[in-house]
Every structure is written in C-alpha cells, then in structure tokens.
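Everything on this sheet refers to the single structure shown next.
The values are calculated or read from the model by the stated rules, or taken from the named source; none is laboratory data. Worth saying up front: this structure is predicted, and the values here are computed from it rather than measured. All Cβ positions, even for glycine, are placed from backbone atoms using ideal geometry, and neighbour counts span all protein chains on display. When the accessible area is computed, the model is the full protein with side chains, heavy atoms only, and any ligands, DNA or RNA have been set aside. Shrake-Rupley method; radii C 1.70, N 1.55, O 1.52, S 1.80 Å.
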Amino acid sequence: MLRSSCRPSEIHMSTTAVTSVPLLDTTRGQEAVFARMREVFDSVLTSGRYILGPEVEALEAECAEYCGSAHAVGVSSGSDALLVALMALDVGPGDEVVLPTFTFFATAGAVSRLGAKPVFCDIDPRTFNVTAALLEPCIGPNTKALIPVHLFGQCCDMTEIEELAAQRGVHVIEDAAQAIGAEWRGRRAGSMGTMGCFSFYPTKNLGALGDAGLVTTGDAAIAERLAILRGHGMSPRYYHKEIGGNFRIDALQAALLRVRLPELDAAHQARRDNAALYRELFVDAELAANADGTPSDSGPLLTLPTVVDPSHIYNQFVVRVSDGRRDELRSWLSENGVGTEIYYPLSLHMQECYRSLGHREGDFPVSEAAARETLALPIFPTLRRDEIEYVVRTVRAFSDR
Ligand SMILES: *Cc1c(COP(=O)(O)O)cnc(C)c1O
C-alpha cells in the first residue's frame, strides 16, 4: 500500500506508552468478580455438593432464560454438549450430519465419535458462516441433522436454515459455543434449532475456570433425555435405560459461571465498542477500505469483519489480510508484542484424521482462503483504547515498511 500523507485523524501517541497487547487477558479488571467468586468457592466447598445439584440447576434455569430457550442442561464441555445433543437424536452409523469445514474441530469430532459421517460444506466469505444455499446440496437421504456454527460470535442466517431443515425433515443443532447472547433477527443463539450447544471454555465470552458446557432445547422430552444421557443413561439410580456417558458439570463451575452471567451483556457491549474503535481507526489509517467489511478493489491491507446482525458478540475479531501477507503480519505483530491467533489454519476436510473422506485441496475454496488469510486481533472487554491504537499503529507500521 502507498505511504499516505499525515492526516489530522492520525492516531495519537498515548502518554503511557503501550509496548505490548495480549490477545486475551481474562484477569484484568476482575477484582470485584473475583471477590464474589472466592465467596462462591467457599460456599460450594462447605456445601459438600460438588457435581450437579442446586448450583447446576440454578445455572440451567438462568441460562435457559438468557438464551430464550425453555430448557437447558449443563454438561462437561462444549464438545460434550455437541456429542450428547447428537446422541439425543440417535445419530449413529449410517447417518450423515452436515457442518462447515471452517470451524473448531469439536463440531465434526462429535459426529465421528458416534460413528456417523460429517459432511462438510463451505462458508460465506463475508461472515465465515454457513448459509442455507451452501448446506442444501449437502443434504442427502441419510442426513439426520445440520450443524450451523455461529462462528466468531455472529449467528448464521437462521431464517433460511430453519426453512431448509423443515422442508427436508432434518434437525438443526446450533453450535453456539462462540455465540452466547448473539441473536438472529431478535432470537437468541440456542433458541432456534432443535438444540443449541454452548461452551464455557475460558476463552469464550462466558468462561468458566475450567471445562464446562450446556445444551439448550425447547423440547421437554429432549431435555429429559439429555439429562439422563449426561449421567450414563441412568434412571432411576443404577438402572440404565440406554448407554450414555459422563457428561456431568461441576457444581463449582456452575456457581462461578453464575457470578459472571449478570456481567455478560456489559462484556459483550465492551467487545462491540472495541470493534467499533478498530473499524474507525483502521479506516482512518487507510488500512481498510470500508468499516463494514465490504471488500474493495483498491487493495487495502485488511478486510474487516462483516456484521449482518448488530448483536454480534465478537468472541473473536477476525480480519482478512490481503496479498498473502497474513503470516508476515502476524510475525510483525508478535515481534512488536501484539498477541494474535489464527482460527483456524487448516480446514477440517484437510485434517489428517479425515483423510479417509477423500477430500482434496480446492474442494472448499472459501474455507481454504479463510484459513490462509484470517487473523484474530485482541478484542477482550477490558482492552484499553491506547492498546487498540497501538495495534492499529503497529499494523500501519507494517504496511508502511
Ligand atoms: C469452543 C468450541 C467448541 C468446543 O467447546 P469446548 O468447551 O472447548 O469443548 C465447539 N465448537 C466451537 C465452534 C467452539 O468454538
């Protein structure tokens, strides 16, 4: 990119010089929350009730309400949420489940673990999400479910996906691991499919202090079955109706999550504000052509994420880097103290463990391009303005070299 002249809107040097910016800091500004967590830890410790129990029931009720879903079942992780959700639909050998190739591995791994076949589809280059048009040709006579992934914190176009699923008589399981609280046209992630799967992995917007997850559903019978499958298919005690697993959630994680849940909307908003500032500064610095992420031919370094619903919770702020310079930019940022990550460097159809599916490079060009071009920048809620300015300044310096 051409070196442009200094403009009045040029980013100011901050007074306390920032020299590094972490990708994520989950401890900053958490004093009050941590104090409440310590109390809660003590209360769980002395309660003597460490798995399931009243804290878990309370978390389930609060998450069901937050997600706009009738029922919620707490489980051991987001990965197990997907696994148990598929089990509740009796997915097994001979079945197919359609899902994006550009997602975290767990989405596909859950399908494979049940002996079913993951059928990959490509993504929309603007949102990194699947669309009904992309899912549709992947549906066949053995398709049992679709798993749209609300990637990076923004919901898929669920209106079209629900229509498609109804037409074709298949279930929808929302992989909402990165999207708790995000909406599609006013409806929350996890309230639209047959089930919604959530992760409380520490890097998610609502993070536990370890592994935990949750399944939401509007169907009371499915909720009951999920709860039974979570405890080895046991009902009543020591009588096993079917084979489940140990997908139970700790009381401690539930109690800690309940401390954070009331803070969640403010944290989402802080991420949105950070994203808005990045957009403004990147456009001002001529590093991106359009703040709304619409691509342009003028060849700026970055394409910003496209927002199709303002409820985006920005679990990640993922930009596209042009001209094959992603890895070079990442190294530069790293040398200058800025933490970044690549979500995800290798699409699932190209993973070694899925070689037997017979895919080749070029099968899903949009996902492959995303794997080559995308970079996640720091976006966490307590990120400061001067840190965002430092990130933009550092990218600018890269572009001006
Ligand atoms: C994090 C994540 C999962 C898995 O959640 P865990 O709690 O880490 O098991 C599944 N799908 C997606 C899209 C995720 O981001």
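Remarks
- Residue list for segment 103-115, filter: more than 10 Å from the ligand (Cβ to nearest atom) and surrounded by 21 or more Cβ atoms within 10 Å (Cβ to Cβ): VAL111
- Set LEU348, LEU304: member being closer than 16 Å to LEU151 by Cα and within 16 Å of the ligand (Cβ to nearest atom): LEU348
- Qualifying residue in segment 315-323 (condition: closer than 25 Å to ASP175 by Cβ, buried (at least 17 other Cβ atoms within 10 Å of the Cβ) and either among the charged types (D, E, K, R) or more than 17 Å from the chain's Cα centre (by Cα) (or both)): yes
Yes or no, residue by residue, for (1) open to solvent by 60 Å² or more (accessible area, probe 1.4 Å); (2) touching a strand residue (DSSP E or B) at 6+ places or on another chain (Cβ under 7 Å); (3) assigned to a loop (DSSP other than H, G, I, E, B):
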position: THR16; (1), (2), (3): yes, no, yes
position: THR19; (1), (2), (3): yes, no, yes
position: LEU23; (1), (2), (3): no, yes, yes
position: THR27; (1), (2), (3): yes, no, yes
position: VAL33; (1), (2), (3): no, no, no
position: PHE41; (1), (2), (3): yes, no, no
position: TYR66; (1), (2), (3): no, no, no
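- Residue match in segment 123-135 (condition: free of Cβ contacts under 8 Å to residues at least 40 places away in the same chain, of a type outside the set (A, V, I, L, M, F, W, C) and within 22 Å of LEU346 (Cα to Cα)): yes
- Options THR217, THR194: the member that is surrounded by 24 or more Cβ atoms within 10 Å (Cβ to Cβ) and in contact with a strand residue (DSSP E or B) (Cβ under 7 Å, 6 or more places away or on another chain): THR217
- Here TRP332 fulfils each of the conditions (1) out of contact with any helix residue (DSSP H, G or I) (no Cβ under 6 Å at 6 or more places or on another chain); (2) open to solvent by 20 Å² or more (accessible area, probe 1.4 Å) apart from (1).
- Boolean, GLU162 is under 21 Å from PRO100 (Cα atoms), within 16 Å of the ligand (Cβ to nearest atom) and not in a loop (DSSP other than H, G, I, E, B): no
- Residue in segment 68-98 that is farthest from the chain's Cα centre (by Cα), counting only those that are more than 10 Å from the ligand (Cβ to nearest atom) and part of a strand (DSSP E or B): GLU96
For every residue, the table says whether it meets (1) within 10 Å of the ligand (Cβ to nearest atom); (2) in contact with a Lys or Arg (Cβ under 8 Å, 6 or more places away or on another chain); (3) over 25 Å from GLU136 (Cα atoms).
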{"position": "TRP184", "(1), (2), (3)": "no, no, no"}
{"position": "MET192", "(1), (2), (3)": "no, no, no"}
{"position": "PHE200", "(1), (2), (3)": "yes, no, yes"}
{"position": "GLY207", "(1), (2), (3)": "yes, yes, yes"}
{"position": "GLU224", "(1), (2), (3)": "no, no, yes"}
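- Restricting segment 290-309 to residues that are open to solvent by 20 Å² or more (accessible area, probe 1.4 Å) and closer than 21 Å to ILE123 by Cβ, the residue that is farthest from the chain's Cα centre (by Cα): SER296
- Summed over segment 348-401, the residues that are open to solvent by 20 Å² or more (accessible area, probe 1.4 Å) and touching a Lys or Arg at 6+ places or on another chain (Cβ under 6 Å) give a count of 4.
- Taking first residues from segment 191-208 that are not assigned by TED's automatic domain parsing to the domain that holds GLU163 and partners that are part of a loop (DSSP other than H, G, I, E, B), no Cβ contact under 6 Å between residues at least 6 apart in sequence or on separate chains turns up.
- In segment 282-290 there is no residue that is in contact with an Asp or Glu (Cβ under 7 Å, 6 or more places away or on another chain), touching a residue at least 60 places away in the same chain (Cβ under 8 Å) and more than 30 Å from ALA110 (Cβ to Cβ).
- Residue within segment 122-133 that is of a type outside the set (S, T, N, Q), open to solvent by less than 30 Å² (accessible area, probe 1.4 Å), out of contact with any Asp or Glu (no Cβ under 7 Å at 6 or more places or on another chain) and over 25 Å from ASP292 (Cα atoms) present: no
- Consider segment 338-390 and keep the residues that are part of a loop (DSSP other than H, G, I, E, B) and touching a Pro at 6+ places or on another chain (Cβ under 7 Å). The one that is nearest to THR26 (Cα to Cα) is PRO378.
- Residue count, segment 262-276 (criterion: open to solvent by 20 Å² or more (accessible area, probe 1.4 Å) and aliphatic (A, V, I, L, M)): 4
- Sole residue being of a type in the set (Asp, Glu) and open to solvent by 10 Å² or more (accessible area, probe 1.4 Å), chosen from GLU174, GLU160: GLU160
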